[in-house]
Amino acid sequence: MTKILMTSVRDDEQPAIKNYAKKNNIEIITTPKLIDDAIDLTTDIDGLVIQQRSKLPDDIYAKLHANGLKQIATRTAGFDMVDVKQANANGLIVTNVPAYSPRSVAEFALMQILRLLRNSYRFDHQVANNDFRWFSDEQSIEIHTATIGIIGVGRIGGTLAKLLNALGATVLGYDTNPRTDLEGVVEFVAKEELLKRADVVSLHVDLNPTSKGLLTAKEFALMKPTAGLVNASRGPVVNTADLVTALKAGEIAAAALDTFEGEETVAAADRREKGLDDQPLVKELHAMDNVILTPHIAFFTNLAVQNMVDFSLDDVLAILNGKQSPHEIKL
């Protein structure tokens, strides 16, 4: 019987995993550990599915190869935690799940956009301190009068654009490959124009050498002082130090960050006792009253979790059966 190991498994994933194993007559071993700490479990398995944000240790690829593995499947869209070249050099095919429910992240981004437009972050802090007043600079913007800029208009960004368009917002888009099927929904413009015009900028790009540091001090200086930023893509797309400076200087008004630099040791972790002293920039963001921090949960919906489990396991079985996965990452 085919045996597959899945690492970093959460309780909410177990029903989908059990259903898949039963349906396909395979054995799936699960562990909450990262693959870094579960290498001893790979000596007697056929396939591997991981999920983590921290980089895999350099020596892990040779160990997996020595244990007879042929692939690494990550049940995430992002794959920057895997050194694909090292994996391939050790005979390991790498796959990801690029197309899990795009509405999961798009709907989350829409919620964050509305929170920024309605200044809910300010009222949250005030009410937490028993201050129930409101002030003239807290008057909000109705979304049908707002201009929203989307950087990265792919599956998720395009889905967000349609949701915003349905609500009457003006939607600007910037993408290296502008989509022709969104005519009447998105006005594609240069990145600089988008930054200057948008009331909220929402990021939906993959992490790659061209997108790392996509927004820096130069870009924040172009934005309206009343504008907000939503990042539900990848943390390093934004230069965090520059963002903190821009927020403090009033160059932009607020940020809603579901992904942020330093999240690999923070997201999904209990930091109540340890605190954030080892992540000073995250600590600074957390302390700011114009920042909404969430722990990389935009994907976290019923359908997306099901998709991520099913699609990643489909890829494993395809490769083990000598077929090609449509999600193989080729560099």
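Can you tell me which residue is farthest from V238 (Cα to Cα) among those in segment 142-175 that are part of a helix (DSSP H, G or I) and among the β-branched types (V, I, T)? Here the residue is T145. Looking only at segment 115-137, decide whether some residue is open to solvent by 80 Å² or more (accessible area, probe 1.4 Å), within 24 Å of R234 (Cα to Cα) and either modelled with pLDDT of 95 or more or not in a helix (DSSP H, G or I) (or both). No - not one qualifying residue is present in segment 115-137. Only a single criterion out of (1) touching a Lys or Arg at 6+ places or on another chain (Cβ under 9 Å); (2) open to solvent by 70 Å² or more (accessible area, probe 1.4 Å); (3) not β-branched (V, I, T) is not satisfied by L167, namely (1). Of the residues in segment 298-320, at least one is open to solvent by 50 Å² or more (accessible area, probe 1.4 Å), at pLDDT below 95, closer than 19 Å to S54 by Cα and not in a helix (DSSP H, G or I).
Please tell me if L243 is open to solvent by less than 10 Å² (accessible area, probe 1.4 Å) and outside any helix (DSSP H, G or I). Taking the combined requirement at face value, the residue does not satisfy it. Checking each residue in segment 248-261 for being closer than 24 Å to T210 by Cα and open to solvent by less than 10 Å² (accessible area, probe 1.4 Å) picks out I252, A255, A256, L257, D258, T259.
Could you tell me which of the residues P236, P295 is outside any helix (DSSP H, G or I) and either touching a Pro at 6+ places or on another chain (Cβ under 6 Å) or under 29 Å from R75 (Cβ atoms) (or both)?
None of the other options fit; the residue is P295.
If the requirement is being assigned to a loop (DSSP other than H, G, I, E, B), open to solvent by 60 Å² or more (accessible area, probe 1.4 Å) and not hydrophobic (A, V, I, L, M, F, W, C), which of these qualifies: D80, D58?
Values: D80 fails: open to solvent by 60 Å² or more (accessible area, probe 1.4 Å).
D58 is the lone residue from the list that is assigned to a loop (DSSP other than H, G, I, E, B), open to solvent by 60 Å² or more (accessible area, probe 1.4 Å) and not hydrophobic (A, V, I, L, M, F, W, C).
How many residues are in contact with a Leu (Cβ under 7 Å, 6 or more places away or on another chain), part of a helix (DSSP H, G or I) and crowded, with 19+ Cβ neighbours inside 10 Å when one looks only at segment 262-292? The qualifying residues number 2.
Please find, within segment 176-209, the residue that is nearest to N231 (Cα to Cα) out of those that are part of a loop (DSSP other than H, G, I, E, B) and open to solvent by less than 40 Å² (accessible area, probe 1.4 Å).
First, pick out the residues of segment 176-209 that are part of a loop (DSSP other than H, G, I, E, B): 176-179, 183-186, 189-190, 198-199, 204-209.
Filter once more, so that each one left must be open to solvent by less than 40 Å² (accessible area, probe 1.4 Å): 185-186, 189, 198-199, 204-205.
Working: V185: 21, V186: 19, V189: 20, A198: 15, D199: 14, H204: 7, V205: 9 Å.
Top of the filtered list is H204.
Across segment 63-74, not a single residue is classified as at pLDDT below 95 and not polar (S, T, N, Q).
The values are calculated or read from the model by the stated rules, or taken from the named source; none is laboratory data. Just so you know, these numbers come straight off a predicted model, no measurement behind them. Don't worry about glycine lacking a Cβ; one is built from the backbone with ideal geometry, like all the others, and counts go over all protein chains shown. Areas reflect the complete protein model, heavy atoms only, side chains present, ligands, DNA and RNA absent. Shrake-Rupley method; radii C 1.70, N 1.55, O 1.52, S 1.80 Å.
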